[in-house]
Structures are given as structure tokens and as C-alpha cells.
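Visitor: Below is one structure. I have some questions about it.
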Amino acid sequence: MKIILKQDHEKLGKTGDVLNVKDGYAMNYLLPNSIAMKANDSNMKVLEEIKKLQAKKLDKEIAEAQKIAAELSTVSLEIKAKAADELKLFGSVTSGTIAESLMHKGFKIDKKNILLEEPIKEIGTKTVAVKLAGNVTAQISVSVIKEEA
């Protein structure tokens, strides 16, 4: 039986995939649990409309992300941290710290989207990548300075 997945399924595939499965599996599990629907002509038309809407939504998100990336590329963060000497920090500057600093500048970026390979543990300036929607990334400059006592 040909079906269209209504939601992601770890073994079958992603939402919108058209698959051939055994009739019993479709009738007894997938259809009653609203995981899939039959792949008839009307449902295929609905699927095409949903795909068009998702493509438009994705294009809009990417355009907005490019606009935010342009704004972010001009941002330079200055983070004060306690330091043992002129180079080493007592703690470290993490993606959460950078996200918090960006929030103070007016950007709401999740810390998971800040691509920091490892926490910053030294005083200085680093370039950090920020992942936005799609494959759009922005580069921000993060300066870690010694906090005066």
C-alpha cells in the first residue's frame, strides 16, 4: 500500500515521504495512529500544496536570516571575565555567555546556534560563527578583557 507520512518516523522516513509498506502495517498501525495517510490523488495534491507552503516559509526564513546575519557581522562583543594573570581566565567564556551578551545587544540567539569549538579560556579577541536558519552563518567578534577588581 502506498502511504504519505504525516510525521517523522525513525524507521520509515520524514514527513511528506511517499512510501510503499505492507497493507497490514498501514491499516493496523500507521493509519489508526495518524502517522500516515493513504497516497491517493487528493492526498497527493494536498501534499504538493504543503510542500509549496513549506518552501515559501523556508525562503522567507532564509531571507530574514540573511538580514540578521548582515546585522550580526557588524557586532563586536566585549565580555569582562576574571583573570589569573594577563592571559589565563579563572573560568571560561561559553556559548551561553556569548548568547547572553548578544541578548543585551538586542539579538535573540539560542546558545546551541553559537558555533564555539571549545570555551574561550584566554584574554583576547576571537571570531565566532553564529548559525542562523538554513545554511546562513554570521561571524561575530568576541573580545574577552580582564575584569578590574
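The values are calculated or read from the model by the stated rules, or taken from the named source; none is laboratory data. As the structure is a prediction and not an experimental result, all values here were calculated from the model. Here the Cβ positions follow ideal geometry from the backbone for every residue, glycine too, while neighbour counts run over all protein chains shown.
Visitor: Can you name the number of the only condition in (1) among the small types (Gly, Ala, Ser); (2) touching a Leu at 6+ places or on another chain (Cβ under 9 Å); (3) part of a strand (DSSP E or B) that residue 91 fails?
Guide: Looking at each condition in turn, residue 91 falls short on (2).
Visitor: If you go through the stretch 41-81, how many residues are in a loop (DSSP other than H, G, I, E, B) and surrounded by 11 or more Cβ atoms within 10 Å (Cβ to Cβ)?
Guide: Count: 2.
Visitor: Residue under question is residue 54, and the condition is that it be polar (S, T, N, Q) and modelled with pLDDT of 90 or more; does it hold?
Guide: Against the criterion (polar (S, T, N, Q) and modelled with pLDDT of 90 or more), residue 54 does not qualify.
Visitor: Just one of the numbered conditions (1) modelled with pLDDT of 90 or more; (2) in the same structural domain as residue 111 (by TED's automatic domain parsing); (3) of a type in the set (Gly, Ala, Ser) is not true of residue 24; which one?
Guide: The single condition residue 24 does not satisfy is (2).
Visitor: Looking at (1) under 30 Å from residue 136 (Cβ atoms); (2) part of a helix (DSSP H, G or I), which is the only condition residue 15 fails?
Guide: Unmet for residue 15, out of (1) under 30 Å from residue 136 (Cβ atoms); (2) part of a helix (DSSP H, G or I): (2).
Visitor: Which one is modelled with the lowest pLDDT among residues in the stretch 111-136 that are of a type outside the set (Lys, Arg) and touching a helix residue (DSSP H, G or I) at 6+ places or on another chain (Cβ under 7 Å)?
Guide: That would be 134.
Visitor: Does any residue of the stretch 94-103 turn out to be over 16 Å from residue 122 (Cβ atoms), of a type in the set (S, T, N, Q) and under 21 Å from the mean Cα position of the chain (by Cα)?
Guide: yes
Visitor: Quick check, is residue 31 of a type outside the set (Gly, Ala, Ser) and more than 28 Å from residue 134 (Cα to Cα)?
Guide: Yes, satisfied.
Visitor: If you don't mind, another one. Failed condition for residue 106, given (1) in a loop (DSSP other than H, G, I, E, B); (2) within 15 Å of the chain's Cα centre (by Cα), with all others met?
Guide: That leaves (2) as the condition not met.
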